[in-house]
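Peer 1: Before I ask anything, let me first share the structure, which is written out below as C-alpha cells.
The values are calculated or read from the model by the stated rules, or taken from the named source; none is laboratory data. Note that the coordinates shown come from a computational prediction; the quantities given were computed from them, not determined experimentally. Note that we place each Cβ from the backbone using ideal geometry, even for glycine, and neighbour counts take in every protein chain shown.
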Amino acid sequence: MPTYIALLNWTDQGIRGYKETAKRAEAFAAATQALGANLLNIYWTVGPYDLVAVLDAPDDETATAALLHLGAAGNVRTTTLRAFGRDEMDGIIAKAAG
C-alpha cells in the first residue's frame, strides 16, 4: 500500500485550540480508517512544520480524501509527499535501468 507523508502547519484556529491537538489526531486516525486508509503515526515537531503525519492509503485518491477531510476542519494546512520504501525504490531503479 502506498505511503504518504503529510507535513502540517497549524492555522490560527488550530494553534488557538492546541490543547485539543491529541484528540484531533485521534479523530483524524478514525476518519482515515473509515476511508480505507491507515494513519501509521503522527509526530508533533519543532521547526518549519508543526506536525508530521505518516499514512498508508490504497491510492492517491484515498489519501487525498483523508487529507481533505483533515484540512476541512480548519486546524491545519498540509503539504503531502508520496513516499517510497526500499522495495519500491528497488523496483523503480530496475525499471529505470531497463
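Peer 1: Residue check: is VAL46 in a strand (DSSP E or B) and either at pLDDT 95 or above or over 18 Å from ASN9 (Cβ atoms) (or both)?
Peer 2: no
Peer 1: What residue, of LEU67, LEU7, LEU39, is surrounded by 16 or more Cβ atoms within 10 Å (Cβ to Cβ) and either assigned to a helix (DSSP H, G or I) or at positive phi (or both)?
Peer 2: Exactly one of LEU67, LEU7, LEU39 is surrounded by 16 or more Cβ atoms within 10 Å (Cβ to Cβ) and either assigned to a helix (DSSP H, G or I) or at positive phi (or both), namely LEU67.
Peer 1: Checking the structure you have, find out if any residue of the stretch 82-91 is under 13 Å from the mean Cα position of the chain (by Cα) and closer than 17 Å to MET1 by Cα.
Peer 2: There is at least one residue in the stretch 82-91 that is under 13 Å from the mean Cα position of the chain (by Cα) and closer than 17 Å to MET1 by Cα.
Peer 1: In the stretch 71-98, how many are of a type in the set (Val, Ile, Thr) and under 18 Å from ALA29 (Cα atoms)?
Peer 2: Total meeting the criteria: 4.
Peer 1: Right, next: Given the options LEU70, LEU35, name the one that is in contact with a His (Cβ under 8 Å, 6 or more places away or on another chain) and touching a residue at least 24 places away in the same chain (Cβ under 8 Å).
Peer 2: The conditions single out LEU35.
Peer 1: Between residues in the stretch 50-62 that are among the charged types (D, E, K, R) and residues that are part of a loop (DSSP other than H, G, I, E, B), which pairs lie under 8 Å by C-beta distance while being six or more apart or on different chains?
Peer 2: ASP56/MET1; ASP56/PRO2; ASP56/ALA37; ASP59/PRO2; ASP60/PRO2
Peer 1: If you don't mind, there's one more thing I want to ask. Mind checking which pairs have a first residue in the stretch 1-26 that is over 17 Å from LEU55 (Cα atoms) and a second that is of a type in the set (Gly, Ala, Ser) and part of a helix (DSSP H, G or I), Cβ under 8 Å, 6 or more apart or different chains?
Peer 2: Once the first residue is over 17 Å from LEU55 (Cα atoms) and sits in the stretch 1-26, its partners that are of a type in the set (Gly, Ala, Ser) and part of a helix (DSSP H, G or I) give THR21/GLY14.
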